[in-house]
Amino acid sequence: MGRGKIEIKRIENRTNRQVTYSKRRAGIVKKAQELTVLCDAEVSLLMVSSTGRIHEYISPCSTHKNLYDRYQQASGTNLWQPHYERMQETMKKLKEINNKLRKEIRQRNGEDLDELNFQQLCGLEQNMEKSVEGVRNRKFHVITTSTDTYKKKIKNHEETHNSLRREFEEGDADFRLPSVDFEGDYQSTIGFANGNPQIFAVRWQPKLQSNIQDEEAYGSYGLSLV
């Protein structure tokens with residue numbers, strides 16, 4: 001029995017359609033490779049499946065662009081002209097948008113206002129007021145945030161200072177400044193305590209006691225400032 005003829009129409013079953021595509025794609029690629037080797041032909045093959053996947057084959061000695069250029073020369077058609085025209089249209093639209101935005105910027109700077117009517121000027125004024133309000137709100141937010149941050153830093157420094165001070169006082173509870181009994185001017189000492197230290201000379205003068213009970217004891221000395 002001969003092989004039955006397959007009717008060429010779309011395969012409705014998705015799985016069967018994908019399997020058939022994979023098998024025949026492999027067969028077409030194999031035929032293209034054979035043509036390249038046996039006939040020394042330059043073959044460019046491009047396939048796109050129903051799922052959007054692209055499969056291609058190009059002869060090792062050529063590139064797609066070279067074959068497209070040769071096709072344009074042989075057929076007298078320009079494959080890139082439609083794409084170039086679309087690019088020109090896109091560029092034209094972008095230039096118009098750019099010019100419009102530049103004009104709006106100049107108007108916001110107080111330029112090119114002669115073409116605007118009363119309603120347009122009122123609208124521009126409202127937009128400017130909204131912009132100023134937005135800038136002020138942002139500025140107030142930045143100032144508030146910075147103030148809160150500095151307050152937290154100051155509070156942390158105060159807590160650290162108080163903690164170190166308590167540790168110092170607890171650790172040096174027995175520490176006392178030595179007291180000196182001297183005769184003379186106390187103003188320099190008071191000024192030193194008030195934060196105004198002064199450099200002064202001290203002279204020790206022996207003062208004999210009238211009633212010395214112990215001959216080996218040291219005599220007391222009087223202290224006077226010079």
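The values are calculated or read from the model by the stated rules, or taken from the named source; none is laboratory data. Values in this document were obtained by computation on a predicted structure and should not be read as measured data. When we count neighbours, we look across all protein chains shown, and the Cβ atoms used for this are built from the backbone with ideal geometry, even at glycine.
Given the residues 51, 77, which is the only one that is among the β-branched types (Val, Ile, Thr), part of a loop (DSSP other than H, G, I, E, B) and under 30 Å from residue 18 (Cα atoms)?
Sole residue among the options that is among the β-branched types (Val, Ile, Thr), part of a loop (DSSP other than H, G, I, E, B) and under 30 Å from residue 18 (Cα atoms): 51.
Would you call residue 110 over 28 Å from residue 20 (Cβ atoms), loosely packed, with under 10 Cβ neighbours inside 10 Å and without any contact (Cβ under 8 Å) to a residue 40 or more places away in the chain? Answer is yes for this residue. Test residue 39 against the criterion of being of a type outside the set (A, V, I, L, M), exposed (fewer than 11 other Cβ atoms within 10 Å of the Cβ) and in contact with an Asp or Glu (Cβ under 8 Å, 6 or more places away or on another chain), and give yes or no. No: the conditions fail for residue 39.
For residue 71, the stated conditions hold: it is of a type in the set (Phe, Trp, Tyr), part of a helix (DSSP H, G or I) and without any contact (Cβ under 8 Å) to a residue 12 or more places away in the chain. On the given criteria, is residue 5 of a type outside the set (Asp, Glu) and part of a loop (DSSP other than H, G, I, E, B)? Considered against the rule, which asks whether it is of a type outside the set (Asp, Glu) and part of a loop (DSSP other than H, G, I, E, B), residue 5 comes out as yes.
Among the residues making up region 42-65, those that are exposed (fewer than 14 other Cβ atoms within 10 Å of the Cβ) and over 44 Å from the mean Cα position of the chain (by Cα) are 60, 61. Taking the numbered list (1) modelled with pLDDT under 90; (2) farther than 30 Å from residue 113 by Cα in turn, residue 103 passes all entries but (2). Checked against (1) touching a Phe, Trp or Tyr at 6+ places or on another chain (Cβ under 7 Å); (2) in contact (Cβ under 8 Å) with a residue 12 or more places away in the chain, residue 79 meets all criteria but (2). Would it be correct to say that residue 69 is of a type in the set (Asp, Glu) and more than 43 Å from the chain's Cα centre (by Cα)? Considered against the rule, which asks whether it is of a type in the set (Asp, Glu) and more than 43 Å from the chain's Cα centre (by Cα), residue 69 comes out as yes. The criterion of being on the phi > 0 side of the Ramachandran plot and free of Cβ contacts under 8 Å to residues at least 60 places away in the same chain does not hold for residue 123. Entry remark, region 14-69: residues being within 21 Å of residue 80 (Cβ to Cβ) and of a type outside the set (A, V, I, L, M) number 10 in total. You will find that of 158, 133, 125, the residue that is more than 19 Å from residue 109 (Cβ to Cβ) and surrounded by 10 or more Cβ atoms within 10 Å (Cβ to Cβ) is 158 and no other.
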